[in-house]
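Below: the structure, in C-alpha cells.
No lab work stands behind these numbers, since they all come straight from the coordinates. Keep in mind the model is a prediction, meaning the values are calculated, not measured. No Cβ is skipped: glycine too gets one built from the backbone with ideal geometry, and neighbour counts run over all protein chains shown.
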Amino acid sequence: MSGKTLYDKLWDSHLVQQRDDGSALIYIDLQLLHEVTSPQAFEGLRMANRKPWRVSSSLATPDHNVPTTKKERISGVDGIEDPVSKIQVTTLDDNCDEFGITEFTMKDIRQGIVHVVGPEQGATLPGMTVVCGDSHTSTHGAFGALAHGIGTSEVEHVLATQCLVQKKSRNMLVRVDGELSPWVSAKDVVLAIIGKIGTAGGTGYAIEFGGTGIQSLSMEGRMTVCNMAIEAGARVGLIAVDDTTVEYVKGRPYAPKGEHWDMAVEAWKDLVSDDDAQFDEVVVLKSEEIKPQVTWGTSPEMVIAIDQPIPRAEDQEDPVKKEGYARAWKYMGLEGKTTLADVTLDRVFIGSCTNSRIEDLRIAAEVVKGRQVASTLKQAIVVPGSGLVKAQAEKEGLHEIFEAAGLEWREPGCSMCLAMNADKLGAGEHCASTSNRNFEGRQGFGGRTHLVSPAMAAAAAIAGHFVDVNDLVKH
Amino acid sequence: MRPFTKHTGLAAPLDLANVDTDMIIPKQFLKSIKRTGFGKNLFDELRYEDEGQPDQECTGRPLREDFVLNLPSYKDSSVLLARQNFGCGSSREHAPWALDDYGFRSIIAPSFADIFYNNCFKNGLLPIVLAAEEVDQLFVEVTAQEGAQITIDLENQKVTSPTGAEFSFEVDSFRKHCLLNGLDDIGLTLQQEDSIRSYEEKRMNEAPWLFLSREK
Ligand code: SF4
C-alpha cells in the first residue's frame with residue numbers, strides 16, 4: 001500500500017463517521033466567525049432552539065465592513081456611518097455575547113481580518129481542521145491544517161454539531177522548484193500557478209504546495225499562497241509542517257504551552273506527505289521562470305508576467321475562452337493597449353487577507369521609501385490586516401514612510417478588497433491591488449482590478465502605471 | 001427545507017462561463033442579516049444599468065435589455081442553464097439564496113465551483129452537472145423555441161429536454177435523500193451525537209491542546 005498524503009492524514013484524523021455514499025462527518029477544531037456570513041447561522045440556531053456544541057472552538061472578529069478611517073473608527077461600532085453595516089457588526093457582537101463566544105470587537109487591538117487574526121493569535125495550529133464562512137479560509141492550510149471555506153448553512157451546522165459533512169477531495173501536488181528571483185514573492189508564485197492551471201484547475205482537489213520554492217517561503221508567504229488556492233478552484237490548500245511552521249507558532253497567545261507544547265510539536269512532525277504518497281495530479285513550476293505577475297482581466301487566471309503583451313481574444317482558439325477574453329477586454333477598457341504599462345492607474349490598494357501582514361508592508365515600504373506617489377493617482381491606501389500588524393508597522397516607522405510618499409495609512413479590515421465599506425473604486429477606474437479577486441465589480445461598481453504583489457503595487461503607485469519593480473528600484 | 005422531487009419549468013440560457021458569486025449577488029447586498037429578499041438583486045450588475053443599493057425598490061430601475069432574464073420570454077424561468085465553473089468565487093450562501101428567492105429551482109451546467117455546488121443543496125436548489133455536449137444541446141433547444149420547458153426528475157436522476165431528449169445525471173445518495181425529503185442536515189447529524197462524543201474523547205487523549213478554552 002502506498003503512503004498517505006498530508007491531506008489524507010488530516011482527513012483520517014478528523015473522521016467521525018464514513019457514510020456509504022462517500023460523504024463523511026468530519027470533526028472541526030476551530031471555527032472563525034465574522035459579521036457577514038454568521039447572522040443567519042445564529043438566527044437558525046435560535047429558531048431551532050439549539051446551542052453551540054463547543055463554544056471554545058469558535059473565535060470571532062468583525063472585518064468585512066468595518067470602516068478604515070480614523071474618524072469613523074475612533075468611536076467603535078457607533079462610529080460606523082453606514083447604518084446597514086453597523087447593524088451587521090452589532091449583530092455579531094450581540095450573537096457572540098448571547099452564545100458566549102470569544103470576539104475581538106472593533107475596539108480590540110487584536111481585531112482584524114479573520115485570516116490574519118487566527119494565525120497571529122496561535123488560534124490556527126498545525127493538524128487542525130479550520131472552517132470559516134469565507135472562501136479564503138484556505139489560508140490556514142499554510143500551517144498543515146485542513147482549512148475549508150464554508151457557506152452559512154454549514155456555519156450553523158458546525159456551530160450546532162462541531163462537524164461538517166464533506167466528501168473527500170482528490171490529491172494534487174503543485175511543486176515549485178528552485179529559488180525565486182529578486183522581488184518575486186509568494187503572490188507572484190500563486191498567480192503564476194493559477195495562470196498555469198486556471199481558475200477551475202483545482203476544482204475537486206485539495207492542493208498541496210511543495211518544492212524548494214515553497215519551503216523557502218516564510219509563514220506569511222505560505223499563507224499568501226494557500227490564501228489563493230480557492231482562486232485555482234480548490235477549497236483546500238496545504239503546506240507541510242517544518243521548522244518554519246513550528247517557530248512561527250511558538251509563543252503565540254493561544255499556542256499550546258509547557259507539556260502540551262512538547263506533545264504537540266512531536267505530533268506535528270508527522271504532518272507531511274509520505275515519500276511514497278500518491279497524488280492524483282502533479283503540476284510543476286520552475287521558480288526561475290516566474291516573473292512579477294499582473295492580472296489584466298476579470299478572472300485571476302487572466303494573468304501575465306509584467307514583460308508580456310496582453311493576450312488578445314482573437315488569438316484564442318477555444319470559443320468559450322475567446323468570448324471570455326473579449327468580454328474582459330471590454331470591461332477592463334484595454335482597447336488600444338498592448339502591455340500593462342500602458343494602463344494609467346487611478347488607485348492603489350495594499351491590504352487584504354492575501355497581503356496585509358507585516359512582511360508585506362515592509363516590502364511595500366522599502367519600495368516607496370524616499371519616493372513620491374505619481375501625481376496622476378487619485379488615491380493609494382495601505383490597510384494593515386489587524387490591529388497588531390498596524391501597531392508593529394508603526395513601531396517600525398513604516399506608516400511614516402508611507403505617508404511621506406503620499407500613501408494613506410488606514411485602520412485594519414477588509415476594506416477595498418471587496419468594497420463593502422466606504423473604500424471602493426469608481427466606475428472605469430483602474431486599481432493595482434494586492435487582494436485576490438479581480439471579478440467585475442469586485443472593488444466597486446464598474447471598477448477595474450489588477451492583482452499584484454505588494455512590491456509591484458508599491459512600484460505602480462510610484463510610476464502611476466505598472467512597471468517591473470526591479471526596474472524601479474534600480475533607479 | 002423545501003423538498004425537491006420533480007420539477008418542470010421554463011429554462012433561461014445564461015451563456016457565460018465562470019459566472020462568479022459577485023455576479024450572482026454583488027457584495028453590497030450581503031449586508032442583510034436575513035436569508036430572504038435577495039431575488040430582486042440576483043445578477044444585479046448584469047441585469048440593471050445602474051448600481052443597485054440595499055433596500056432599494058427595484059421596479060423603476062433601468063434594465064439591461066439584452067440580459068436573458070430581462071427578455072419577456074425568460075422572465076419567469078425556474079431552471080437556469082449555465083456554462084462551466086458556475087458559482088466560482090466567494091463562499092457566500094447569498095448566491096443560492098438569491099437564485100432561490102428569484103424562483104429558480106435548479107441550475108444545469110457542465111461544471112460548478114465546489115462551495116457553491118454544496119451550498120445549493122442546503123437550500124433546496126438542485127445543481128445538475130451534464131456533459132458539455134448535453135448542455136450545448138439544451139442551449140440550442142431552449143433558444144430555438146419560445147417557452148421551452150425542461151423537466152427534472154430527481155428520483156430517477158433524469159433531465160428531459162424540450163424536444164424529449166433524456167439525460168441522466170449523478171448526485172450523491174445522501175444529498176439526494178435530504179433533498180427529496182426536505183431534511184434538515186443538522187437534525188440528521190445530531191442523531192450521531194454518540195459518535196461525535198466518542199470521537200472527542202479519543203481525540204482529547206491524543207491531542208489535548210486542541211480542546212483548551214480560548215480565554216479573551
Ligand atoms: S480581505 Fe477580502 S478576501 Fe480576505 S476575507 Fe476580507 S473580503 Fe474576503
Peptide B:187-198, shielding by other chains (average Cβ, 10 Å cutoff): 4
Mean separation of Cα contacts under 8 Å (6+ apart) over length of region A:293-474, as relative contact order %: 28 percent
In sequence order, calculated HN-Hα J values of region A:187-201 (Karplus, 6.51, -1.76, 1.60; Hz; x Gly/Pro): 5, 5, 4, 6, 5, 5, 4, 5, x, 7, 9, x, 6, 10, x
Total formal charge among the other residues, if their Cβ is under 12 angstrom from that of A:C414, Lys/Arg +1 and Asp/Glu -1: 0
Restraint check, A:K167/A:K250; A:K378/B:K27; A:K70/A:K369, Cα-Cα greater than 26 Å: A:K167/A:K250
Percent of alpha-carbon pairs separated by more than 31 Å within region A:293-474: 13 percent
Placed amide H near A:E408: partners under 5 Å, 5+ positions off or other chain: A:A380, A:I381, A:V382
Relative contact order [Cα under 8 Å, 6+ residues apart], chain B, whole percent: 24 percent
Positive minus negative residues near B:T151 (Lys, Arg vs Asp, Glu; Cβ under 9 Å): +1
Order of B:L154, A:L451 under a 10 Å beta carbon neighbour criterion, fewest first: B:L154, A:L451
Share antiparallel - DSSP beta bridges, region A:293-474, percent rounded to 5: 20 percent
The protein assembly as shown: antiparallel DSSP beta bridges as a percent of all, rounded to 5: 30 percent
Whole-number D in µm² s⁻¹ for the protein assembly as shown, Kirkwood Cα-pair radius fed into Stokes-Einstein, 10 °C, 1.306 mPa s: 63 µm²/s
Listed residue pairs exceeding 24 Å between alpha carbons, taken from A:K424/A:K474; A:K187/A:K286; A:K4/A:K257; B:K31/B:K176; A:K322/B:K40; B:K31/B:K122: A:K424/A:K474; A:K4/A:K257; B:K31/B:K176; A:K322/B:K40
Per principal axis, descending, Cα span of chain B in whole Å: 64, 42, 26
B:D15-A:N470 FRET efficiency (beta carbon distance; Förster radius 56 Å; 0.05 resolution): 0.85
Under 12 Å, Cβ to Cβ, from A:M223 - net charge with Lys/Arg +1 and Asp/Glu -1: -1
Residue order, fewest to most surrounding Cβ atoms within 10 angstrom, among B:V19, A:V190, B:V159, A:V283: A:V283, B:V159, B:V19, A:V190
In region B:31-101, trypsin sites (Lys or Arg not before Pro) in a DSSP loop with at most 16 other beta-carbon atoms within 10 Å: B:K34, B:R64, B:K75
Whole-angstrom gap from region A:240-254 to region A:97-147, using each part's C-alpha centre: 15 Å
Sequence-distant residues sharing a close amide H with A:R371 (under 5 Å, placed H): none
Computed over chain A: relative contact order in percent, which uses C-alpha pairs under 8 Å that are six or more apart: 17 percent
For residues of A:430-442, the mean tally of beta carbons on other chains within 10 Å: 3
Restricting region A:100-193 to trypsin sites (Lys or Arg not before Pro) in coil, as DSSP defines it, with at most 11 other Cβ within 10 Å: none
Residue exposure sequence - A:D108, A:D307, A:D276 - by fewest surrounding Cβ within 10 Å: A:D276, A:D307, A:D108
Net lengthening on full extension, A:D276/A:T339 (0.36 nm per residue, minus Cα-Cα): 18.2 nm
Per-residue ³J(HN,Hα) for region A:59-73, Karplus 6.51 cos²θ - 1.76 cosθ + 1.60, θ = phi - 60°, Hz, x for Gly and Pro: 9, 10, 7, x, 8, 4, 10, 6, x, 10, 8, 4, 4, 6, 7
Inter-chain shielding of A:35-45 (mean C-beta neighbours from other protein chains, 10 Å cut-off): 4
Built amide H within the under 5 Å cut-off of A:S58, gap 5+: A:Q31
GluC sites (Glu not before Pro) restricted to region B:1-51 and DSSP loop, no more than 14 other C-beta within 10 Å: B:E49
Derived scalar couplings ³J(HN,Hα) [region A:258-269; Karplus, 6.51 cos²θ - 1.76 cosθ + 1.60; whole Hz; x for Gly, Pro]: x, 4, 4, 4, 4, 4, 5, 4, 4, 5, 5, 4
Helix-only CD estimate at 222 nm, as mean residue ellipticity for chain A, using -39500 (n - 2.57) per DSSP H run (n ≥ 4): -9500 deg cm²/dmol
Sorted peptide list for A:335-341, B:132-138, A:90-96, A:149-155, criterion being average Cβ within 10 angstrom, highest first: A:149-155, A:90-96, B:132-138, A:335-341
